[in-house]
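Read through the structure below, which is laid out as structure tokens, and then see the notes.
The values are calculated or read from the model by the stated rules, or taken from the named source; none is laboratory data. Source: prediction; values computed, not measured. Note that each Cβ is placed from the backbone with ideal geometry, even for glycine, and that neighbours are counted across all protein chains shown.
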Amino acid sequence: MLDGHTAANAADFPPMGPARWDHEAEALSGAMTAQRKPDDFALSSSDQILADLRSRVVAMENIIVAMLAGGPCDQRSAIHDMALFIRPLTDPQTNRPTSDAADMMDRLADRASLFARAVA
């Protein structure tokens with residue numbers, strides 16, 4: 001017990017899948033009353049879940065860009081250095097995910113630099 005609160009365990013919370021992420025705060029506060037109806041599952045197709053995940057990734061990318069834009073230039077430079085460090089030394093096609101990740105890191109750092117200049 002810390003500060004009058006007892007530690008919570010997993011049994012205290014209702015089961016939640018990716019489609020329920022918007023309600024995490026309600027679950028943690030114990031305010032979640034509506035339970036998922038059996039027919040609701042048919043409405044949550046895997047396509048909808050993937051679309052929700054894509055939206056969340058885009059949101060997270062934009063949050064990272066905004067945070068990097070507010071930080072020093074050294075942070076954005078370090079991201080470019082890390083991208084160079086992880087790039088495959090040989091043919092980028094041999095390790096496509098790593099090469100794509102390095103490209104994405106460069107793009108995020110470049111977007112952050114542009115945003116930093118726009119809001120300055």
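Across the range 83-97, what is the number of residues that are within 30 Å of Ala116 (Cβ to Cβ) and surrounded by fewer than 15 Cβ atoms within 10 Å (Cβ to Cβ)?
Our first condition is that a residue be within 30 Å of Ala116 (Cβ to Cβ); within the range 83-97, this holds for 83-88, 92, 97.
From what is left, the residues that are surrounded by fewer than 15 Cβ atoms within 10 Å (Cβ to Cβ) are 84-86, 88, 92, 97.
Looking only at that region, the number is 6.
Collect the residues in the range 79-116 that are farther than 20 Å from Met60 by Cβ, out of contact with any Pro (no Cβ under 7 Å at 6 or more places or on another chain) and hydroxyl-bearing (Ser, Thr, Tyr), keeping them in residue-number order.
Once the filter is applied, which keeps residues that are farther than 20 Å from Met60 by Cβ, out of contact with any Pro (no Cβ under 7 Å at 6 or more places or on another chain) and hydroxyl-bearing (Ser, Thr, Tyr), the range 79-116 yields only Thr90.
Please find, within the range 46-76, the residue that is farthest from Met105 (Cα to Cα) out of those that are of a type in the set (Lys, Arg) and in contact (Cβ under 8 Å) with a residue 24 or more places away in the chain.
Arg56
Residue check: is Phe115 surrounded by fewer than 13 Cβ atoms within 10 Å (Cβ to Cβ) and hydrophobic (A, V, I, L, M, F, W, C)?
Considered against the rule, which asks whether it is surrounded by fewer than 13 Cβ atoms within 10 Å (Cβ to Cβ) and hydrophobic (A, V, I, L, M, F, W, C), Phe115 comes out as no.
Might you check whether a residue that is acidic (Asp, Glu), at pLDDT 95 or above and assigned to a helix (DSSP H, G or I) occurs anywhere in the range 77-95?
Looking through the range 77-95, at least one residue is acidic (Asp, Glu), at pLDDT 95 or above and assigned to a helix (DSSP H, G or I).
Tell me yes or no: at least one residue of the range 109-119 is outside any helix (DSSP H, G or I) and among the aliphatic types (A, V, I, L, M).
Within the range 109-119 (the criterion being outside any helix (DSSP H, G or I) and among the aliphatic types (A, V, I, L, M)), the answer is no, since none of the residues qualifies.
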